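Following: one structure in structure tokens, then a few remarks.
The values are calculated or read from the model by the stated rules, or taken from the named source; none is laboratory data. Since the model is a prediction, treat every value here as computed from it, not as a measurement. Here the Cβ positions follow ideal geometry from the backbone for every residue, glycine too, while neighbour counts run over all protein chains shown.
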Amino acid sequence: MGYFRIRKKAITMIELMAVVVIMSIMASLAIPDVINYIGGRKEKTLIENLGLIRTAISQFMIDHSENPKTYMFMATFDENNPSQWRDQVFFQDNDSTNDVNISSPTCLQQLVEDRYLLNLPNNPYTGGPDWQVRGFAEPKNLSTSWLDAVNDDYFINKDIFPRVTTNANRESGVTLNVGNLVGIYDVRAGDSENNYHADIDSWDERQDGKWQDFPNEIKRIIVRPNEIDINTNQMIDFVQMISNGSMEVIAYYIDGTQTLIDPYFLGYYIITGSGSFTTDTATYYRYTAPVSPEEAIIGLSYTDTTVVDPITKTTELTVNVTAVLDHITIDPTNFVVLTNSVYSMFNVVVTAHYLDGSTNIVTPNVQWQHLSGPGSLDQSFNLNTDTTTGTATLKCVYEEAGIQKDTLATIDIEAELSYLTCLPNDVEIQTGESVSLISDVNVVAHFNDGSMKDVTALANWADATTSPPAPVLPFGILAGSNYNAPNNQIGTAIMRCDYSENGITKTVDFPITVKRKLVGVSIDPIAYTVKTGQSINLNTLVDVEATYSDGTQLPVTSANWMHSSGVGAVSANTFIADAAIAGTANLICVVSEDGVTITNNFIMTVKKVVENLNLSSVTTTIKTGESFDLSTITSTAVFSDGTSQVVAPTWSLISGIGSIAGSVYNAPAAISGSAVIKGSYTFDGITVTANFTVTIKRVLSSITLSQTSIEMDTSDTFNLAGITVTAHYTDGASQTVTPNSYAVSFGIGSLSGSTFVAPPDKSTENYNSGSNPSEITFSYTEDSMTSTAIVTATIYKILTGIEADDHDFVMLTGDVKNMNDFAVTAHYTDNVDEIVTSLCTYTVKSGSCSIVGSSFNSGMVNESPEVEISYIYRGVTEKDSVIFSIKRYPTTLDVTPISFDCYTSETYELSSLTYVLHYSDGTSVNLAYYDVTWAVSSGLGVISLPDYEAPEDYDEPSGDSSSLTLTAEYSQSVATDDGTMNYLISGSISGTLQPIPEELVITPDPGVALTNQVKDLNTIFSTMLSVSDGNFGAVNPYWAIVSGTGSISGTSTYNAPSSEDNVTLRATYDYVGYDGTIFGVTKEVDINVYKYPTGLTLSTSNHSMGCYDHFDVDTVTCTVSWSAGPDTTTNAEVWSKTGNGSFSDPDYYANFIADGTATLTATYTDPISGTVVSADLDITVTLVAPYQKPTNLTVNWDTQTKIDLSWDSVFLATSYNLYLDGTFEANVTGTSYTFTGLSSGTWYDMDVAGVNVKGEGPSEQKSNKTDN
């Protein structure tokens, strides 16, 4: 086989050169076009950017009637070469080497700060905002002739433009302060080669690669003055004002020239305000002010028709419309001034009233004249009075805007109040009384001229009491002009009288002394008893106490006593009773003090006296234990008047034994002896007594036997003499005695002497039971007192046999039978049967049972045991027996296994269970499932033999239980002597329902993921598994992609694609049952893959501004960068601030007067991904000099040598420079100043300018003339 080799050929030199030539030709053709394209783009951009600057400066001119702030700079000039002054001063020569080029000029930056430009556009040739500002300036610090030449030739007025300064580049040479850059006529830009420039106020076609020179267009117009004041309803003619030079409108041109505008070439119109214009369009333009004050803005327009395209410029004039004075009023118009005083008329409020209905307080600006009456007026308008009284008339004069108005004030000059007096000086009253301070007291006013007058009706009264005798105020009550003294206090009340006249108040104190008075007399006691013939001092016997109105109580030792009626008599305050007359006397106690007499009544009782007590008997004898009624003794009281009467004395034991209860004496039961008893009787406090003696003897009380019962059989005998008899006495003594007799008092049997004989036969009537024995009575008599005692005799019968009523009994195992349920009958010799069940004893003869007491326990064996019954009567035992038949019964049913688990919707086989029935005797048998009855006793499901069927599901959270109980029941009957016993035996097994899964619930659907994001799907989705027990729980499934992009790592990690997509996922969860069975559950869900923000970019990252300015963040463009797709802008950002100032969306406020910085942070939150991106904008706040003039300059007052000036505060000013006629006067921090050392009747120009650390702002002037 042959092989062929292919040779690789290299490029030859000729071929290479051909390629280079072709490429060179193509490049030579393309490069000019590219260069031209690039240059064209730059030029187009230059024109567009300069157009933006022009538009901004034009709008600034419209708003402010001047250029943006321009600045002083340093430059080099040749004073010896005047021919170059114009170029050097105004920089109009395009090729001048003295041009001042300011990089990013501050004057243009002002357009950004004031928000006329968002940002200063870039120079496309350099890539930065390095525009060259060309302007003209006001020379400064040059020779006068030099300055005059410039002003004359070029119409530059230094008063037009504000002063602001900065430094600029300069070249070597003579260095001079040039001064204010007063106008911008050109902004230019370009590279170092062609140095293109463009005028910002007019455009033309580009010629020969240069911007051509343009016509000298009008730059702006201004009106001077730009603010005038007129009255309401006043009419002014603008044509006339401009024609006579009181107003001028000046046109300024690009080349710096200026000219006055003829008033007939101007247009006039109202911008704001309610005035009106009238004109004939030829000779006058008249403005009529409204009827109400306001600030009106008048627009003036001028159209320059000297250029091809006429240019119209406008300016504004502020017209302050003020009211016209109509008249003045004063308040008060009539008032009182005291003699020998000085009163300033500036205390009178003067109000100016204007034709438009408005008013103004002009008090400091009025003049006062004294016309007539007492007093004199000094230069400060103070009214000076002497001792002369009368009425003075003064005239108030006020002048405003050449209008003078006046009004009159009348002043009553009166004497001065000196002091007050009261007639009488004081008064005394008693407690509870009143004083009228008008009718009982005269008040007299005394004046400094010696006059006086009664002012009682005009005086005012007040309680000035500060130290009352009691600790509680008030001391009495002042009701109007009536003083009411307290009812229960004494002391002195101070009533203070005051009287006012002409603003002077005088007081005088009026003391009122309050004295107490007698109001009551009390006596203790109010009654007393004496004996006939007795005398007693009443002031010694009775306590007399006087009560006063202040509540005090004092004893009275010298009361007077009088006899009013009844027995006895009173002599020298002593009561004397009659010797033999008893009765009642009425006495009167009399107390007198300070003219007040008060009496009280006293009752005196006179009674007879008892002398002796006589008893009808003085002795008696009783037995121990007896009682004696002492009231049976007649007791007679004998009185001093010879009378006597039967009385009931009080008895008491003086000595001896016994006791007394009331009038009954009780002898002791076991003690003999004697007692002395005293009878007492009291009459009117006198007690008489008499004694009574009682003798006590002992008595037989009872007998006792040594034996009280005997037992015997029939025909037996018993010797009663063998029983010892003991006698007992009331005094506790005892002795053995022989009874006087024996007797059978109850029952059977007979006596033979002292022998008791039982009946001999066996008849029923000759037997008695233990509960009904025979009774034998023993009797013993001593001192007529007989005592008895009894012996019982029981005669018994003989037992012959016993018999149970049932000899065989059927019962259950483990049962108990009370043997007392069997009736046992005893047979006796008296042929009378007796039930003796409870007296029997029981013994088990055979079997495994037992007996405890009378309870027979059958035991747990199925058998027939024998129980023996025994009964014993008086030593004789008889027996019988009972045969039992013991039967078993079912006790429990065991079902195994005892528990099971079952899934919902499945069955459980009951036939597979084991059933064992247990009996009471321990035996058991096996049953089948059909031998029992099944039921679901608790839980869910049903029985359907041979199975239990579980429910399909259940709701465990709502209370359904997973536990259940199945119950099997077995019934059996057992016959016994107590009846047939029915047994229902049950056995239970417990089951547990086991749930199975039902479905997966996945939220959210769809889910959200971000591009290129790697995230666990189980954190994106919440997967809940519902199972058949009603529960709902979170699970973590494993995932697979059904459709869409991305991939899954492991079981749940999703790797999102790099682009947005909608993906379908399948979640699978394996549920493991209780027995290990796995149930697989699946669910499909969507996931949306979105892009997310990666960054935030702001259209500007920094901003410079002045203090108290604001910045609107809505002007900033926020651009969001995304993880996929193009960037987008948003206005959903949220701004926050750190640093100085405050932020209220969308504005940042530099609300402070200082340099400072702040950072504004824009934050954007993606509503889908929640991703947050942010960017910062740095704010630089610079304090500048005040740029507003002071306003509302007001002369508050003036004199011949002083003028007081005030003004409104100026924004950014921390102090104020004041100038007087152009000369610096002072620097103050307030908003008012008083110029002093002035000349009388002279006009002065006063200027005020705001100042801070950055410099002085524009000034405002106020002219005023001092007084003559």
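State which residue is farthest from Val519 (Cα to Cα) when the search covers only segment 546-564 and only residues that are of a type in the set (Val, Ile, Thr) and in a strand (DSSP E or B). Even if it seems obvious, please write down each step before you answer.
Quick first cut of segment 546-564, residues of a type in the set (Val, Ile, Thr) only: 547, 552, 556-557.
If we keep only those that are in a strand (DSSP E or B) too, we end up with 547, 556.
Working: Thr547: 6, Val556: 14 Å.
The qualifying residue farthest from Val519 (Cα to Cα) is Val556.
Can you tell which of Cys1107, Cys1118 is modelled with pLDDT under 90, surrounded by 12 or more Cβ atoms within 10 Å (Cβ to Cβ) and either among the hydrophobic types (A, V, I, L, M, F, W, C) or touching a Leu at 6+ places or on another chain (Cβ under 6 Å) (or both)? Even if it seems obvious, please write down each step before you answer.
Working: Cys1118 fails: modelled with pLDDT under 90.
When all the criteria are applied, what remains is Cys1107.
Looking only at segment 570-602, which residues are closer than 24 Å to Phe639 by Cα and in a strand (DSSP E or B)? Outline the logic, then answer.
Here is the first cut: in segment 570-602, the residues closer than 24 Å to Phe639 by Cα are 575-585.
Selection gives Phe575, Ile576, Gly583, Thr584, Ala585.
Just to verify a result, which residue in segment 995-1007, among those that are of a type outside the set (Ser, Thr, Tyr), assigned to a strand (DSSP E or B) and touching a Ser or Thr at 6+ places or on another chain (Cβ under 7 Å), is nearest to Tyr1074 (Cα to Cα)?
Here is the first cut: in segment 995-1007, the ones of a type outside the set (Ser, Thr, Tyr) are 995-1002, 1004-1007.
Now restrict to residues that are assigned to a strand (DSSP E or B): 997-1002, 1007.
So of that shortlist, the ones also touching a Ser or Thr at 6+ places or on another chain (Cβ under 7 Å) come out as 998-1002.
Working: Glu998: 16, Glu999: 18, Leu1000: 20, Val1001: 22, Ile1002: 25 Å.
Looking at residues that are of a type outside the set (Ser, Thr, Tyr), assigned to a strand (DSSP E or B) and touching a Ser or Thr at 6+ places or on another chain (Cβ under 7 Å), I get Glu998.
Output the residues belonging to segment 317-329 that are modelled with pLDDT of 90 or more and either crowded, with 19+ Cβ neighbours inside 10 Å or aromatic (Phe, Trp, Tyr) (or both).
Within segment 317-329, Leu317, Val319, Ile328 qualify.
Within segment 265-277, is even one residue of a type outside the set (A, V, I, L, M), free of Cβ contacts under 8 Å to residues at least 12 places away in the same chain and assigned to a strand (DSSP E or B)? Step through it out loud before you land on a result.
First pass over segment 265-277, keeping only residues of a type outside the set (A, V, I, L, M): 265, 267-269, 272-277.
Pick out the ones that are also free of Cβ contacts under 8 Å to residues at least 12 places away in the same chain and you get 277.
Subset that is assigned to a strand (DSSP E or B): 277.
Taking every residue of segment 265-277 in turn, at least one turns out to be of a type outside the set (A, V, I, L, M), free of Cβ contacts under 8 Å to residues at least 12 places away in the same chain and assigned to a strand (DSSP E or B).
So, of the residues in segment 657-681 that are polar (S, T, N, Q) and touching a residue at least 24 places away in the same chain (Cβ under 8 Å), which turns out to be surrounded by the most Cβ atoms within 10 Å (Cβ to Cβ)? Spell out the reasoning first.
We begin by selecting, within segment 657-681, every residue polar (S, T, N, Q); these are 659, 663, 666, 672, 674, 680.
Filter again for touching a residue at least 24 places away in the same chain (Cβ under 8 Å), leaving 663, 666, 672, 680.
Numbers: Ser663: 16, Asn666: 15, Ser672: 18, Ser680: 14.
Top of the filtered list is Ser672.
Suppose we filter Tyr929, Tyr915 for residues that are closer than 30 Å to Glu863 by Cα and either within 60 Å of the chain's Cα centre (by Cα) or not assigned by TED's automatic domain parsing to the domain that holds Val1027 (or both); which single one remains?
Working: Tyr929 fails: closer than 30 Å to Glu863 by Cα.
Answer to the selection: Tyr915.
Residue-by-condition table, conditions (1) surrounded by 15 or more Cβ atoms within 10 Å (Cβ to Cβ); (2) not hydroxyl-bearing (Ser, Thr, Tyr):
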| residue | (1), (2) |
| --- | --- |
| Tyr483 | yes, no |
| Ile490 | yes, yes |
| Ile494 | yes, yes |
| Gly503 | no, yes |
| Lys515 | yes, yes |
| Leu518 | yes, yes |
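Residue check: is Ser522 hydroxyl-bearing (Ser, Thr, Tyr) and assigned to a loop (DSSP other than H, G, I, E, B)? Steps first, please.
Values: hydroxyl-bearing (Ser, Thr, Tyr): yes; assigned to a loop (DSSP other than H, G, I, E, B): no.
No: the conditions fail for Ser522.
Being surrounded by fewer than 15 Cβ atoms within 10 Å (Cβ to Cβ) and either of a type in the set (S, T, N, Q) or within 60 Å of the chain's Cα centre (by Cα) (or both) is the filter here, so list the residues in segment 397-409 that pass it.
Gln404
Give segment 843-866 a look and list any residue that's without any contact (Cβ under 8 Å) to a residue 12 or more places away in the chain and part of a loop (DSSP other than H, G, I, E, B), or say none. Reasoning before the result, please.
First, the residues of segment 843-866 that are without any contact (Cβ under 8 Å) to a residue 12 or more places away in the chain: 850, 852-853.
Gly853 - this is the single residue of segment 843-866 that is without any contact (Cβ under 8 Å) to a residue 12 or more places away in the chain and part of a loop (DSSP other than H, G, I, E, B).
When you look at Thr303, is it more than 30 Å from Asp386 (Cβ to Cβ), in a strand (DSSP E or B) and outside the structural domain of Asp378 (by TED's automatic domain parsing), yes or no?
Numbers: more than 30 Å from Asp386 (Cβ to Cβ): yes; in a strand (DSSP E or B): yes; outside the structural domain of Asp378 (by TED's automatic domain parsing): yes.
Taking the combined requirement at face value, the residue satisfies it.
Within segment 1227-1268, can you find the residues that are among the hydrophobic types (A, V, I, L, M, F, W, C) and within 18 Å of Thr1194 (Cβ to Cβ)?
Val1228, Phe1235, Leu1238, Trp1243, Met1246, Val1248, Ala1249, listed by residue number.
Tell me which residues, restricted to segment 1022-1038, are assigned to a strand (DSSP E or B) and of a type in the set (Gly, Ala, Ser). Give the derivation first.
As a first pass, look at segment 1022-1038 and keep what is assigned to a strand (DSSP E or B): 1022-1027, 1032-1034, 1038.
The answer is Ser1022, Ser1026, Gly1033, Ala1034.
I'd like to check something: does segment 1125-1146 contain any residue that is surrounded by fewer than 17 Cβ atoms within 10 Å (Cβ to Cβ), out of contact with any Lys or Arg (no Cβ under 8 Å at 6 or more places or on another chain), among the acidic types (Asp, Glu) and in the same structural domain as Thr1053 (by TED's automatic domain parsing)?
Scanning segment 1125-1146 turns up no residue that is surrounded by fewer than 17 Cβ atoms within 10 Å (Cβ to Cβ), out of contact with any Lys or Arg (no Cβ under 8 Å at 6 or more places or on another chain), among the acidic types (Asp, Glu) and in the same structural domain as Thr1053 (by TED's automatic domain parsing).
Considering only residues of segment 744-766 that are in a loop (DSSP other than H, G, I, E, B) and closer than 15 Å to Ile776 by Cβ, which is modelled with the lowest pLDDT? Please lay out each step first, then the result.
Start the filter on segment 744-766 by keeping residues that are in a loop (DSSP other than H, G, I, E, B), which leaves 747-749, 753-754, 758-763.
The next check asks that each one be closer than 15 Å to Ile776 by Cβ; those that pass are 747-749, 753-754, 758-759.
On the way: Gly747: 83, Ile748: 83, Gly749: 84, Gly753: 87, Ser754: 87, Ala758: 82, Pro759: 77.
Out of the qualifying residues, it is Pro759.
State which residue is farthest from Gly1141 (Cα to Cα) when the search covers only segment 1100-1126 and only residues that are free of Cβ contacts under 8 Å to residues at least 24 places away in the same chain and polar (S, T, N, Q).
Thr1119
Restricting attention to strands (runs of 3 or more DSSP E) lying wholly within segment 1155-1217, give those where 2 or more residues are within 26 Å of Asp1267 (Cβ to Cβ) and touching an Asp or Glu at 6+ places or on another chain (Cβ under 8 Å). Talk me through it step by step, then tell me what you get.
On the way: elements: 1156-1165, 1172-1182, 1194-1198, 1203-1206.
Once the strands (runs of 3 or more DSSP E) in segment 1155-1217 are filtered for at least 2 residues that are within 26 Å of Asp1267 (Cβ to Cβ) and touching an Asp or Glu at 6+ places or on another chain (Cβ under 8 Å), what remains is 1194-1198.
Tally time: how many residues in segment 886-923 are exposed (fewer than 15 other Cβ atoms within 10 Å of the Cβ), among the polar types (S, T, N, Q) and part of a strand (DSSP E or B)?
Residues that pass the stated criteria total 5.
What number of residues within segment 428-455 satisfy the criterion of being in a strand (DSSP E or B), of a type in the set (A, V, I, L, M, F, W, C) and under 27 Å from Glu416 (Cα atoms)?
So the answer is 5.
How many of the residues making up segment 225-274 are closer than 15 Å to Ser301 by Cα, of a type in the set (D, E, K, R) and exposed (fewer than 14 other Cβ atoms within 10 Å of the Cβ)?
1
Just give me the residues in segment 617-647 being closer than 22 Å to Thr687 by Cα, among the aliphatic types (A, V, I, L, M) and in contact (Cβ under 8 Å) with a residue 24 or more places away in the chain, in sequence order.
Of everything in segment 617-647, those that are closer than 22 Å to Thr687 by Cα, among the aliphatic types (A, V, I, L, M) and in contact (Cβ under 8 Å) with a residue 24 or more places away in the chain turn out to be Val618, Leu630, Ile633, Ala637, Val638, Val647.
If you scan segment 1094-1113, which residues turn out to be hydroxyl-bearing (Ser, Thr, Tyr) and in contact with a helix residue (DSSP H, G or I) (Cβ under 6 Å, 6 or more places away or on another chain)?
The first filter runs over segment 1094-1113 and keeps only residues hydroxyl-bearing (Ser, Thr, Tyr), leaving 1094, 1097, 1099-1101, 1104, 1108.
None - no residue of segment 1094-1113 is hydroxyl-bearing (Ser, Thr, Tyr) and in contact with a helix residue (DSSP H, G or I) (Cβ under 6 Å, 6 or more places away or on another chain), so the list stays empty.
Look through segment 338-352, keep the residues that are within 59 Å of the chain's Cα centre (by Cα) and of a type outside the set (A, V, I, L, M), and return whichever of them is surrounded by the most Cβ atoms within 10 Å (Cβ to Cβ).
Tyr343
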